[in-house]
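Comments concern the structure below.
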Amino acid sequence: NRVPDVIGKPRGEAESLIEAAGFRVTSTTEEESADADPGTVIRQSPGPEEVSRLGSAVALVFAIPPAEPTPSETPTPTDTAVPTITPGG
C-alpha cells in the first residue's frame with residue numbers, strides 16, 4: 001500500500017489520513033521552519049506515495065516558527081563598526 005502524501009497538512013488531518021490508510025503514526029517531532037505554516041507536516045518517513053506494509057509506522061515532522069533571535073545574537077551598529085585609519089591623518 002502507498003503512504004498518503006500529508007506534506008503541508010495540519011497535524012490532526014495528517015494523522016487521520018495516515019491512520020485511515022492503514023498505517024500508524026509512531027513518531028512526531030517538530031522542526032523550525034520559516035517556509036511552512038506552524039503545525040503542518042514538513043517531512044514524513046516513509047515519503048509520500050512510497051509503498052509500505054499496512055500497519056507499519058510513519059514518522060511525521062511538524063513545522064514550528066523559527067525562534068526569535070535574542071538581543072545578544074543581533075549585532076548593533078557599534079558591534080559592527082570598523083574604525084578607519086587614514087595615513088597621515
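All of the numbers you see were taken from the coordinates with simple rules; none came from a lab. Just so we're clear, the structure is a prediction, and the values are computed from it rather than from any experiment. Neighbour counts run over all protein chains shown; Cβ positions are idealised from the backbone, glycine included.
For every other residue with a beta carbon closer than 14 angstrom to the beta carbon of residue 26, add +1 if it is Lys or Arg and -1 if Asp or Glu, then tell me the sum. Working shown, then result.
Numbers: positive: 24, 53; negative: 15, 19.
For residues surrounding residue 26, the net value is 0.
Taking H as built 1.01 Å from N, whose amide H comes closer than 5 Å to the amide H of residue 33, not counting residues under 5 places away?
64
Once amide H atoms are placed 1.01 Å from N in the peptide plane, what residues at a sequence separation of 5 or more from residue 43, or on another chain, have their amide H within under 5 Å of its amide H?
Amide H neighbours of residue 43: 61.
For the stretch 36-45, what does the Karplus curve 6.51 cos²θ - 1.76 cosθ + 1.60, with θ = phi - 60°, yield as ³J(HN,Hα) per residue in whole Hz, taken in order and with x for Gly and Pro?
For the stretch 36-45, the Karplus-derived couplings read 10, 5, x, x, 9, 6, 10, 8, 9, 9 Hz, x marking Gly and Pro.
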